[in-house]
Each structure stands twice: as structure tokens, then as C-alpha cells.
Amino acid sequence: MKLTADERGRLASAELFRPKATFDATVQPDGSIRLVELGEKQVPVVKPRRINGRLRGAEVALNRETVAAAVRAERDAR
């Protein structure tokens, strides 16, 4: 299939792209473009707690190693 971009640099194909879909585009070393459709993830919802008149999030103690490992894992998953 051959696609041609319009004067604004947009590609259109009803067969490939659903309306309002979001894609991640990466340029490959050989010059080709790789498109990956991004899906929505379920994220945890935390109910706020009121402490001393202020709203706080979940009662979780974080350390740098745990946060850094989670960020690296998410980056590597992309």
C-alpha cells in the first residue's frame, strides 16, 4: 500500500487508522517509519485523605530505588 502525505504532512487511510486513535511514531535506521497504536491503560485511583486540614494521597512510603526501577521498567516496555 502506498500512502502520500498532503501539504500539511498528514497521512490518511481509513483501512489503517481509526478516527481519534493515537499512535507512537519512530523513525527506523533504514529510514522507514514504525507506527504503534497506543492503548489506554487502567490506572489506580487513590482517594485523598484529610490530615491536619490538608488533602494527602495514599499512605505509601517511597524510596528512590523503587521509583527508579519502576521508571526504567516503563521506559523499557515502550
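Before moving on, here are some points about what is shown:
- In this structure, residue 46 does not qualify as modelled with pLDDT of 90 or more, over 30 Å from residue 3 (Cα atoms), among the aliphatic types (A, V, I, L, M) and surrounded by 10 or more Cβ atoms within 10 Å (Cβ to Cβ).
- Any hit, the range 22-36, residues being within 23 Å of the chain's Cα centre (by Cα), loosely packed, with under 10 Cβ neighbours inside 10 Å, acidic (Asp, Glu) and closer than 27 Å to residue 78 by Cα: no
- Within the range 28-57, being in contact with a Lys or Arg (Cβ under 8 Å, 6 or more places away or on another chain) and among the aliphatic types (A, V, I, L, M) holds for one residue alone: 55.
- The listed residue being of a type in the set (D, E, K, R) and either surrounded by 10 or more Cβ atoms within 10 Å (Cβ to Cβ) or in contact with a Phe, Trp or Tyr (Cβ under 9 Å, 6 or more places away or on another chain) (or both), out of 56, 78: 56
The values are calculated or read from the model by the stated rules, or taken from the named source; none is laboratory data. The structure presented is a predicted model; accordingly, all values stated were derived computationally and were not measured. Backbone-built Cβ (ideal geometry, glycine too); neighbour counts: all protein chains shown.
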